[in-house]
Structure formats: C-alpha cells, structure tokens
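Participant: Take a look at the following structure, please.
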Amino acid sequence: MTDATVNATAATAAASGASATERFLTDKTGTAADTDIARVNVLATELIGAVHDVIRRHQVTYEEYNALKAWLISVGQDGEWPLFLDVWVEHVVEEVASAARKGSKGTIEGPYYVPGAPELPNTGTLPMRPDEAGTPLLFQGQVTSTSGEPLAGARLEMWQADDDGLYSQFAPGIPEWNLRGSVIADDEGRFAVTTIQPAPYQIPTDGSCGRLIAAVGWHAWRPAHLHLRVTAPGHAALTTQLYFKGGEYVQDDVARAVKPELVLDPKPVADGGHQATYDFVLDPAS
Ligand code: MBD
Ligand code: FE
C-alpha cells in the first residue's frame, strides 16, 4: 500500500466528523449567541410544524419514527452534524445571505475551513508534500471592488482536498497545513498561486450521512473544488468555491453548491500543468 492508501483507509467518518465538530465549536458557536428569542420561537414553531405535516402526509409509522430517532442519534455520535448541515442545508442559507451581493458570487463554506493558514506572498505555492499527487495548477487573478478599484493587499485564503479527497487537519497522516494557505495580493490586488488541481470529493461513506445516501440510492460526490475566502479592509468577506469545466459532478453536486459563474476553464501550459484565471469583485462592507 502507498502512504496515500494507508491514509485513506484510516480516514474514518467518525475521525473527520469529530474534527469538524470540534472545529465548529471552536470557531463558530459565538455567532449564534445573540439570536432574537421571538425569532427562535417563530422558526422553531414552523420547523416543528413542517415535520408534523410530513408525518401526516406520509402516515409515518412508529417503526419509521424510531428509525429516524436512531439515525439522528448516530449523526451526533459520528460527529457528522457539520457535514449533514453543510451538505444538505447550507446552500439555501447562502442563497438567502448573498441575495443582495453585487460583486462575485459566493457559495457554501462547508465543514473544513481552518483560520490562520500560513501566509504566502502574492506569487507563491500552497504548502504541499514533495510528492503531492495531481496536476499542477497555476491559479491567478485580481481582486477589485464593485467600483473597479484594485484592492491592494487583499487576502485570499485557500483550502482544498488532496488527490485522495482528504483535507488536512480532518484526516490523519497529512501535514498540518497541507494545501492550505493565505495569499496576500500585491498593490494591484493581483495574485498567482501554484497548487494542484483537486479531484472530485466523496463525503465519508462509513458514517451516518453515508448510510443515508447508500440506503436511498443517492450519490456521495462533490465535483472537484477549490475553497476560497477573499477579504480586504472595508469590504464584505467573500466565501466561495471554484469548480472545473466538464468535471464529474459539476452538474450534480450532492451539496448543491455549484453556480455557473464559479466554473473555471483551465488551459494546459508548457510544463504539463494547467493554468486558470479568476477575478474576484468584493462588495463594500455593509
Ligand atoms: C466538502 O469538502 C465540502 O466542501 C462540503 C461543502 C461538504 C462536505 C465536504
Ligand atoms: Fe470541500
């Protein structure tokens, strides 16, 4: 077995789910603390009412109710609530949140963002292993405002899965910051980052989310994607993903996060790698 095969074998849903749950509890729970109680009342009442409607419409039995109860418990035991919510719910939250955005399209963050990745200059290479598998990709572009001004010193945080579909800090045996970096654009907002072209990503099949998918005959795949978070002083942060034209599952993402504006069309370059350009337009901070 290669090292990569060993890692893939050891990358259990429970391990990556536990890491994703811990990551969420560390970074994100503070943002939920000030939710208005009257609004919680409305949302909880309507959500519970929607469940009641489904039970009546489909005449749900006690056996089915207990199967649901067991499955919900196992999602928590596997640490897969971040995965479940980001795959099947987040895209609608993002749609609502970004409706008034005038600049570049965003899409879902997903469960695998880690703040504080190593900084790179505007022309740099993402941290990777000497033998990192995959086609080299030169990804370049410019960050501007909606009024067309270059945003000097904009920051481009990037994270992606390796060629086995594994994210550093969520699967074992991968260097801490592998394929994660924070690129500082130049005085004209330009950047040129070397990375590898990612492979399609399969959400863990051995956990509760995977069992649901297998039981009902859906598929567990996301198209190959780069994750990005683009920020600049005075501007709204942009969380997005970029996909690859003609790639598998671009038309059928399990997480429903692809938008036509987010599909790159990389061209082959002399050294056997690929090159793609994408310009980011940031809205003013609200
Ligand atoms: C991912 O890599 C991802 O981007 C999302 C949204 C959900 C699960 C895994
Ligand atoms: Fe991802």
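Computed from the coordinates by the stated procedures, all read-outs in this text should not be read as laboratory data. Computed from a predicted model, the values in this text were never measured in an experiment. Here Cβ is always computed from backbone atoms with ideal geometry, including for glycine, and neighbour counts include all displayed protein chains.
Participant: Pull up the cross-link candidates among the aspartates and glutamates for residue 69, meaning alpha carbon to alpha carbon under 16 Å and not fewer than 8 places away within one chain.
Facilitator: 78, 80
Participant: Let me ask you something else. Just going by the charge dipole of the chain, with Lys and Arg at +1 and Asp and Glu at -1 on Cβ, which of 114, 269, 247 is farthest out on the positive end?
Facilitator: Checking the options against the dipole of the chain, the answer is 247.
Participant: Follow-up question, since we're still on this one. Would you mind computing, in nm to one decimal, how far apart the modelled labels at residue 25 and residue 119 are, each placed 7 Å from Cα along Cα→Cβ?
Facilitator: For residue 25 paired with residue 119, the spin-label model returns 3.2 nm.
Participant: Full extension from residue 285 to residue 184: what is 0.36 nm times the residue separation minus their Cα-Cα distance, to one decimal in nm? It would help to have the intermediate numbers written out before the result.
Facilitator: Details: separation 101, 0.36 × 101 = 36.36 nm, distance 1.92 nm.
Length gained between residue 285 and residue 184: 34.4 nm.
Participant: Along the charge dipole of the chain, pointing to its positive end and built from +1/-1 on Cβ of Lys, Arg, Asp and Glu, which listed residue (130, 72, 233) has its Cα farthest out?
Facilitator: 72
Participant: Just add up the charged neighbours of residue 110: K/R +1, D/E -1, any other residue whose Cβ is under 10 Å from the Cβ of residue 110. Don't skip to the answer; put the middle values down first.
Facilitator: Numbers: positive: 222; negative: 86, 90, 109.
Here the charged neighbours net out to -2.
Participant: Want the number for residue 38 to residue 149: 0.36 nm per residue separation, take away the alpha-carbon distance, what's left?
Facilitator: Computed gain between residue 38 and residue 149 is 35.8 nm.
Participant: Dipole size in debye (nearest 20) for the stretch 3-282 around its Cα centre, Lys and Arg Cβ +1, Asp and Glu Cβ -1?
Facilitator: Roughly 540 debye for the stretch 3-282.
Participant: Below 9 angstrom from the Cβ of residue 204, what's the summed charge of the other residues (Lys, Arg +1; Asp, Glu -1)?
Facilitator: -3
Participant: I'd like the Karplus ³J(HN,Hα) series for the stretch 212-217: coefficients 6.51, -1.76, 1.60, θ = phi - 60°, whole numbers in Hz, and an x wherever there's a Gly or Pro.
Facilitator: Each residue's phi maps through the Karplus curve to give 4, 4, 5, 5, 9, x Hz.
Participant: If you don't mind, another one. Kindly work out what percent of the DSSP beta bridges joining two residues of the stretch 3-282 are antiparallel, to the nearest 5.
Facilitator: 65
Participant: Please check: in the Gaussian network model of the chain (C-alpha springs, under 10 Å), which one of 144, 26, 12 has the largest mean-square fluctuation.
Facilitator: 26
Participant: Classify the stretch 140-286 from the C-alpha gyration tensor, please: rounded if a/c falls under 1.5, else prolate or oblate depending on whether a/b exceeds b/c.
Facilitator: Note, shape of the stretch 140-286 comes out prolate.
Participant: List the lysines whose Cα lies under 22 Å from the Cα of residue 267, skipping any in the same chain that are fewer than 8 positions away.
Facilitator: Within the straight-line limit of under 22 Å, residue 267 reaches these lysines: 245, 259.
Participant: For residue 72 paired with residue 100, estimate the spin-label separation in nm (one decimal), with each label point 7 Å from Cα along the Cα-to-Cβ line.
Facilitator: Going by the 7 Å Cα→Cβ label model, 3.4 nm.
Participant: To continue, here is another question. Taking 8 Å as the Cα distance limit and 6 or more residues as the minimum spacing, I'd like the relative contact order of the chain as a percentage.
Facilitator: 23
Participant: To continue, here is another question. Rounded if a/c is under 1.5, else prolate if a/b beats b/c, else oblate: with a ≥ b ≥ c from the C-alpha gyration tensor eigenvalues square-rooted, which is the stretch 1-145? Write down the numbers at each step before the final one.
Facilitator: Values: a/c = 2.43, a/b = 1.44, b/c = 1.69.
Oblate, since a/c reaches 1.5 and b/c is not below a/b.
Participant: Then there's this: Determine the gain in length on full extension of the stretch residue 58-residue 267; use 0.36 nm per residue of separation and subtract their C-alpha separation, reporting nm with one decimal.
Facilitator: Working: separation 209, 0.36 × 209 = 75.24 nm, distance 5.04 nm.
Going from the current span to full extension adds 70.2 nm.
Participant: What ranking do 115-124, 192-201, 265-274 get when scored by the average of other Cβ atoms within 10 Å per residue, highest first? Working shown, then result.
Facilitator: Details: 115-124: 14.6, 192-201: 20.2, 265-274: 11.9.
Going from most to least packed, we get 192-201, 115-124, 265-274.
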